[in-house]
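These notes are about the structure you will find just below.
The values are calculated or read from the model by the stated rules, or taken from the named source; none is laboratory data. This structure is a prediction, so every number in the text was calculated from the model and none was measured. Note: ideal-geometry Cβ built from the backbone for every residue, glycine included; neighbour counts use all protein chains shown. Surface accessibility is based on the protein's heavy atoms, side chains included, excluding ligands, DNA and RNA. Shrake-Rupley method; radii C 1.70, N 1.55, O 1.52, S 1.80 Å.
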Amino acid sequence: MDLSKLPRSPLDEKLGIVITEAEPGRVVATMPVEGNTQPFGLLHGGANGVIAETVGSVAAALQAGPGYSIVGTELSCTHHGSAKAGFVTATATKIHQGRQLAVYDIRIVDDTGRPTCTARLTCMIRAQD
């Protein structure tokens, strides 16, 4: 798959999110910790939420195919550990995808492979007008 043709948002650009692998139902992306920290120097939990929604939404869009748009309806993040430097990697894996609803499991790890966050994203699949 040509990763340069995948959708990108201005927020993904600001946070430095780069998709490194993509196929229907599974997407992997990286994000730098630097520039995405909270006031105490740790990776911001909201940045985890952004990368989680990005990988899950793109995976759902690839699975749904052309003619559909994806809208996140629920995102739940559990933060397990902090990251202070380097990059985090998020992997979205399909749990379920039907005609109108998709659910993805997202695992976020630091450079050593240590889990920093797990998330679950539910998306609505809508036919484009």
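About the centre of its Cα atoms, the chain shows a dipole size close to 220 debye [charges on the beta carbon of Lys, Arg (+1) and Asp, Glu (-1) only; nearest 20 debye].
Kirkwood-type hydrodynamic radius, segment 1-120: 14.3 Å, calculated from all non-identical alpha-carbon pairs.
At a threshold of 8 angstrom on Cα-Cα distance, excluding pairs fewer than six apart, so keeping six or more, what relative contact order does the chain reach in percent? Mind showing how you got there, number by number?
Values: 298 pairs, mean separation 32.7, N = 129.
Over the chain, the number comes to 25 percent.
In the chain, the DSSP-assigned H stretches of four residues or longer account for a calculated mean residue ellipticity at 222 nm of -6500 deg cm²/dmol, using -39500 (n - 2.57) per stretch and the full residue count as denominator. Computed from Cα positions, the angle between helix 45-64 and the longest principal axis of the chain comes to roughly 20 degrees. Peptide packing: for 16-24, 94-102, the average count of neighbouring Cβ atoms within 10 Å per residue gives the ranking 16-24, 94-102, highest mean first.
Can you give me the % of accessible surface on segment 16-74 that is carbon or sulfur? Probe 1.4 Å, all protein chains present, nothing else counted.
On the way: 1370 of 2520 Å².
Ligands and nucleic acids excluded, carbon and sulfur give 54 percent.
Expressed to the nearest 5 percent, the antiparallel share of DSSP beta bridges inside the chain is 100 percent.
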